[in-house]
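What follows is one structure encoded as structure tokens, with my remarks underneath.
Here, each number is a calculation from the coordinates, and none is a lab measurement. All values derive from a computational prediction rather than experimental measurement. Because the Cβ atoms are built from the backbone with ideal geometry, glycine has one as well, and the counts that use them run over all protein chains shown.
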Amino acid sequence: MKSTLARVIAFFLFFSTLSGCGYNSIQQNEEAVNHSWGDLESQLQRRADLVPNLVATVKGAANFEKETLTAVIEARSKATSIQLKPEMLSDPAAMAKFREAQGNLSSTLSRLLVTVERYPELKANQNFRDLQNQLEGTENRISVARQRYNAAVETFNFSIRQFPNSMTNSLLLKLKAKEYFKADEAAKAVPGVKF
Amino acid sequence: MAAILLVVILQFVTFSTVWAAIAVPALTGRINDNAAMISAPARVEMEAKLKQFEAAESNQIVILTVPSLQGDPIEDFSIRVAEAWKIGQKGSDNGVLLIVSRDDHKVRIEVGYGLEGKLTDLTAGRIVREEIVPAFKAGQFDEGFSRGVSAIIAATHGEYKAKPKADRNGEKPSMSLLVIIFAVIYLIYQFFRRFFWGGFGGGFFGGGGSSSNDDNFSGGGGGFGGGGSSGDW
């Protein structure tokens with residue numbers, strides 16, 4: 001009888017120390033980071049998927065300047081060629097490269113939308129307006145996903161630095177802090193859309 | 001004295017950084033007309049319509065009007081409200097928030113995850129541009145809200161069915177025992193955890209759901225991801 005009780009207590013002790021040291025919560029927080037990164041990536045992909053349609057529609061407009069379009073196409077192919085696996089989220093250089101490629105696509109896209117202002121027949125085109133609407137929605141989703149990713153990173157980074165988790169991490173898990181996905185200044189200007 | 005002053009200043013500083021953005025208002029019902037834009041008869045009519053729609057299909061549509069956004073982009077404010085109110089049913093994420101800022105002349109439809117398929121950005125954009133904005137431009141706010149609500153209902157109709165009441169109450173009775181067992185284990189575990197890490201890790205349970213005075217209307221736990229569309233008049 002006594003030994004059963006001792007065993008039960010030992011059982012709970014084992015689990016409580018394991019969770020008390022943050023082993024589980026660190027894992028959980030890392031999963032949350034990976035999950036929110038996946039969401040962010042799928043929104044970025046969604047934007048990249050809209051670009052060919054947008055370019056095709058704009059191309060139809062009489063003598064639309066070629067350089068703007070070429071810049072968008074190039075930025076898109078560069079942005080889609082750089083992928084960032086969840087394991088690479090702690091790598092500042094890889095993240096900077098990824099961010100730069102995506103930021104470049106953002107800024108060329110907003111330049112394209114500004115240029116369109118000079119083409120009234122294009123602005124009146126229903127197809128173009130629909131695309132612009134979708135692009136706007138996607139940019140908003142990206143910004144929501146980015147905020148959630150950054151919040152998850154903050155929680156994770158804090159959880160591996162907080163005592164006693166910091167000891168668990170340095171002894172057992174050896175996870176590195178994740179990188180934030182900051183918006184660059186150029187990309188911050190969400191395409192201004194006036195109807 | 002100086003210490004009190006310091007605390008007050010510190011509080012002010014932290015609060016001003018945290019609350020630089022406009023605060024999320026309380027959810028008081030299906031129609032939260034904080035900017036007094038909707039007349040009483042229109043309000044009653046829309047409330048009945050929304051209530052009936054939720055009863056039939058479980059989709060929750062909520063209206064919020066605010067006097068001003070105080071410089072916030074409507075998209076930022078809107079997602080914060082949606083995250084706080086959790087409109088829509090948990091699991092279905094079928095909530096829609098129609099948000100209007102009176103003095104900024106801005107309107108946005110924020111769409112929950114579960115309705116993004118039917119109420120796409122495009123559809124939401126068209127509802128804003130073609131149903132709401134023309135009426136608002138003419139100064140007919142009741143008309144704009146009413147047409148907007150009807151269009152949102154029409155667009156989201158048929159995506160979900162409300163669960164029958166009896167089903168919802170008697171949901172898997174065998175689960176309850178399991179829940180109690182887990183609760184007991186959890187309490188014991190928390191006790192030991194507190195015992196060893198006295199003070200770490202906050203209270204036993206998280207905050208409960210919110211309720212309100214409009215026949216106990218509250219968000220059902222729906223999630224949002226920034227879908228929808230904005231416009232201005």
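In percent, rounded to a whole number, the relative contact order of the range B:36-160 is 25, using alpha-carbon pairs under 8 Å and six or more apart. Size descriptors for the range A:24-96: radius of gyration and Dmax over Cα atoms are 17.1, 60 Å. Each label point was placed 7 Å from the Cα along the Cα-to-Cβ direction; for B:Ala36 and A:Gln162 their separation is 4.5 nm. Summary: within chain A, the longest segment free of trypsin sites (Lys or Arg not before Pro) located in DSSP loops with at most 13 other C-beta atoms within 10 Å is A:1-117. What FRET efficiency would be calculated for the residue pair B:Gln140, A:Asn53, taking the C-beta separation as r and a Förster radius of 45 Å, to the nearest 0.05? The value I calculate is 0.80.
With 25 Å as the limit, the listed pairs A:Lys182/B:Lys118; A:Lys97/B:Lys118; B:Lys49/B:Lys161; B:Lys51/B:Lys163 have A:Lys182/B:Lys118; A:Lys97/B:Lys118 beyond it between alpha carbons. Each label point was placed 7 Å from the Cα along the Cα-to-Cβ direction; for B:Phe191 and A:Thr155 their separation is 2.9 nm. Which percent of Cα pairs goes in each bin when the distances of chain A are cut into 5 angstrom slices starting at zero? Binned Cα distances yield the sequence 1, 7, 14, 16, 13, 10, 9, 7, 6, 5, 4, 3, 2, 1, 1, 1, 0, 0. The angle between the Cα long axis of helix A:66-81 and the longest principal axis of the Cα atoms of chain A comes to about 20 degrees, rounded to the nearest 10.
Of all aspartates and glutamates in the structure, those lying under 16 Å Cα to Cα from A:Lys176, and not within fewer than 8 positions of it along the same chain, are A:Glu30, A:Glu31, A:Glu87, A:Asp91, A:Glu154. For chain A, the longest principal axis of the Cα atoms and the long axis of helix A:92-116 meet at an angle of about 30 degrees.
Identify, among B:Ala55, B:Leu119, B:Trp85, the residue whose Cα sits farthest towards the positive end of the charge dipole of the range B:36-160, taking +1 on the Cβ of Lys and Arg and -1 on the Cβ of Asp and Glu, with the dipole about the Cα centre. Toward the positive end, the furthest listed residue is B:Ala55. Modelled label positions at A:Lys66 and A:Tyr23, each set 7 Å beyond Cα in the direction of Cβ, lie 6.4 nm from each other.
Which whole-number percentage describes the relative contact order of chain A, with Cα contacts under 8 Å and a sequence gap of 6 or more?
This gives 34 percent for chain A.
A Förster radius of 35 Å, combined with the Cβ-Cβ distance separating A:Ala6 from B:Glu83, puts the computed FRET efficiency at roughly 0.15. Along the charge dipole of the range A:1-149, pointing to its positive end and built from +1/-1 on Cβ of Lys, Arg, Asp and Glu, which listed residue (A:Asn53, A:Tyr119, A:Ser25) has its Cα farthest out? It is A:Ser25. Placing a label point 7 Å from the Cα of A:Ile73 along the Cα-to-Cβ direction, the residues of the range A:99-137 whose backbone N falls under 18 Å from that point are A:105-106, A:108-113, A:116.
Net charge dipole, chain A: roughly 360 debye, given to the nearest 20, about the Cα centre with Cβ charges of +1 for Lys and Arg and -1 for Asp and Glu.
Take peptide B:34-42, look around each residue's Cβ out to 10 angstrom, count Cβ atoms belonging to other protein chains, and average those counts. Mean shielding count: 0.
With respect to chain A, whose longest principal axis is taken over its alpha-carbon atoms, helix A:126-161 is tilted by about 20°. Counting Cβ atoms of other protein chains within 10 Å of each Cβ in B:125-137 and taking the mean gives 1.
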